[in-house]
Amino acid sequence: MRAKTIDRIATYVLTGIAVLIIAVLVGLLGFILTNGWHKLTFDFITSPPDLLKAGGGVGPQLFNSLYLLVLTMLISLPLGLGAGIYMAEYAPNNRITQSIRLCIEVLSSLPSIVVGLFGLLVFVTMTGWGYSLMSGALALTVFNLPLLVRISEDAIRNVPKSQKEASFALGISKWRTVVTVLLPAALPGIVTGAILASGRVFGEAAALLFTAGMSSPDLIFHDFNLDSPTSPLNPFRPAETLAVHIWKVNTEGLTPDARDVADGAAAILVLAVLLFNLGARWFGTWLFKKMTSVTR
Amino acid sequence: MNTLDFDQGNTIIRTKDLSVAYGEKTAVSKISMEIERNTVTAFIGPSGCGKSTFLRSLNRMNDLIPSCRVTGSIEIDGIEINDSNVNIEGLRQLVGMVFQRANPFFKSIYENIALAPRYHGIRSKAELDEIVEQSLRKAALWDEVKDRLKESALALSGGQQQRLCIARAIAMQPSILLLDEPASALDPISTMKVEELISELKDEYTIVIVTHNLHQAARISDKTAFFLMGELIEMNETSILFTSPAQKQTEDYITGKFG
Ligand SMILES: Nc1ncnc2c1ncn2[C@@H]1O[C@H](COP(=O)(O)OP(=O)(O)O)[C@@H](O)[C@H]1O
Ligand SMILES: [Mg+2]
């Protein structure tokens, strides 16, 4: 009787919490989207911002966000995956491994502004690149690596041990076992981790203020010369992202429609994250099926 | 040379004073045993007596356990497999293994079987197709799965999965098949199918099977070895061991007095 009552209360409380969380989420999304909805025009999405007059857009910023995401993932995914494989399968269980693990923990709890300042020192000043996409991508790699390492390590460790045994018993080497048996089976976990990390890249502002910078050249989208400062693909040009732009417009925007621009940019940011998530999940499922024939 | 003196006649596995310990704990102590080519040998004994440990030392799967120490000699086809310069991948091609719990890869039925032959150098699609079909046929699974080779192996029933694991081991064309309680997690009908399969495979392979089920041992094996607390108590023709065991402990075990 008592146990039953407690059970019922617990159920209500937990359901309540869940509903609350969802309500907050829906409320937030609804708020951002309704506020920014009227700005979602082709013109706003594609044209560059205007510093003084009303009517500027966020084209370069949207592109920068996406390009920075790609660059960051190109650098951090192989590193994170490699380190995750090492930690899960190769690292001996000793002091050194334990201290590596501790370092990863510490790294993952660094405030992003600190990562940003570190990036300013190392990737901007010491490399002599100045504010650039590459500096931003490296700072975000520092920021994301702990998460990626941990998630890929866990994902690989969570593959049942019997899979590894089966492969070894067939005379398959350890490395090939990792690549052909363990990694495909660990894929869903790794994809989830990559999506989480990507979300952080999209939304991050503090680590980028002093690395990728707070301005963007007016990009010429048909300029494919990687050296040209106005080429969208040049990784060594400054690149203000959407999140940074929102922050900047909100704090020091001079145009009469600054508020509007921030709202619109926020809506675009949210939509981009949402679309990216769905896309990545779909791709992950497709890849998992392709590699394992397992439908989930 | 030594290998020529070796009685190539019929012995394929010969262990001498084989001991295996996990850290301080001895799991197998000083077991000497000979197993003949193309026979079925059953290992019986209460759980924890070292049957799996002994079996796993025959394809050096114990190498995976850091605390595990193997001493003594194991000759397979006249070659000492505990030598440090033995090619372990080659050994495991020669000595296939099927585990207690079916452990198909998270892959298609086809890939489950093709994975290892491809790794060991067979690239041609036609050749792989042939290996997949032949292995599945030998494992009496072909008719049940031939129309869905591209589907996930995890969608098969438990019994089918276990036969797939047998097919996967056969695909390597081993001489020896080690089976560690392959039917203990299966229903009676699947168990029967696996038993029939083992009897058929005997012509081509030397089979060593660990089983909890004494009736199963009596039905399918030519020889039976009784293990107790890490020691080999008795090994003999199955018909003799079950009817007139030489040792008191064996008799107690097969008459159900303990275990
Ligand atoms: N990985 C391991 N680490 C430590 N001890 C083990 C390990 N595997 C088995 N043992 C011990 O070795 C003994 C023999 O085990 P096992 O060979 O699995 O017996 P059986 O297969 O006959 O049930 C048992 O006492 C068991 O606890
Ligand atoms: Mg066992």
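Every read-out reported here was derived from the displayed coordinates using simple, explicitly stated rules and does not represent laboratory data. What you see is a predicted model; the values in this text were computed from it and never measured. Reconstructed Cβ throughout: ideal geometry from the backbone, glycine too, with neighbour counts over all protein chains shown.
Details
- Length-normalised contact order of region A:127-227 in % [C-alpha pairs under 8 Å, at least 6 apart]: 48 percent
- With the helix formula -39500 (n - 2.57) applied to DSSP H stretches of n ≥ 4, chain A reaches a computed 222 nm mean residue ellipticity of -22500 deg cm²/dmol.
- For chain B, the antiparallel share of DSSP beta bridges with both residues in that region comes to about 60%.
- Mean residue ellipticity (222 nm) of chain B, computed from DSSP H runs ≥ 4 via -39,500 (n - 2.57), nearest 500: -10000 deg cm²/dmol
- Shape of region A:1-125, Cα gyration tensor, a/c cut at 1.5: oblate
- One quarter of the convex hull surface built on the alpha carbon atoms of region B:11-254 amounts to 13.1 nm², the projected area averaged over directions.
- Each other residue within a Cβ distance under 15 Å of B:Ala21 adds +1 if Lys or Arg and -1 if Asp or Glu, for a net charge of 0.
- Burial order of peptide ranges B:151-157, A:138-144, A:151-157, B:123-129 (average beta-carbon count within 10 Å, highest first): A:138-144, A:151-157, B:151-157, B:123-129
- Taking every residue in B:93-105 and counting other chain Cβ atoms within 10 Å of its Cβ, the average works out to 4.
- Tensor-based shape of the protein assembly as shown (alpha-carbon gyration tensor, a/c under 1.5 rounded, otherwise prolate or oblate): prolate
- Contact order for chain B, expressed relative to its length and based on alpha carbon pairs under 8 Å spaced 6+ residues apart, stands at 26 percent.
- Across region A:226-296, the mean sequence separation of Cα contacts (distance under 8 Å, 6 or more residues apart), normalised by length, yields a relative contact order of 19 percent.
- When chain A is treated as a Gaussian network with alpha carbon springs shorter than 10 Å, the biggest mean-square fluctuation among A:Leu170, A:Leu40, A:Leu242 belongs to A:Leu170.
- Taking trypsin sites (Lys or Arg not before Pro) across region B:3-87, the ones in a DSSP loop with at most 15 further Cβ atoms lying within 10 angstrom of their Cβ are B:Arg37.
- Antiparallel DSSP beta bridges within the protein assembly as shown, as percent of all bridges there, nearest 5: 60 percent
- Counting, for every residue in A:177-184, the Cβ atoms of other protein chains within 10 Å of its Cβ and taking the mean gives 2.
- Entries in B:Lys138/B:Lys223; A:Lys174/B:Lys16; B:Lys107/B:Lys138; B:Lys223/B:Lys257 that, when Cα-Cα distance is taken, lie over 25 Å: A:Lys174/B:Lys16
- For region B:152-210 versus region B:20-98, the gap between their alpha-carbon centres in whole angstrom: 20 Å
- Global geometry of chain A, whether rounded, prolate or oblate, following the gyration tensor of its Cα atoms and the 1.5 cut on a/c: oblate
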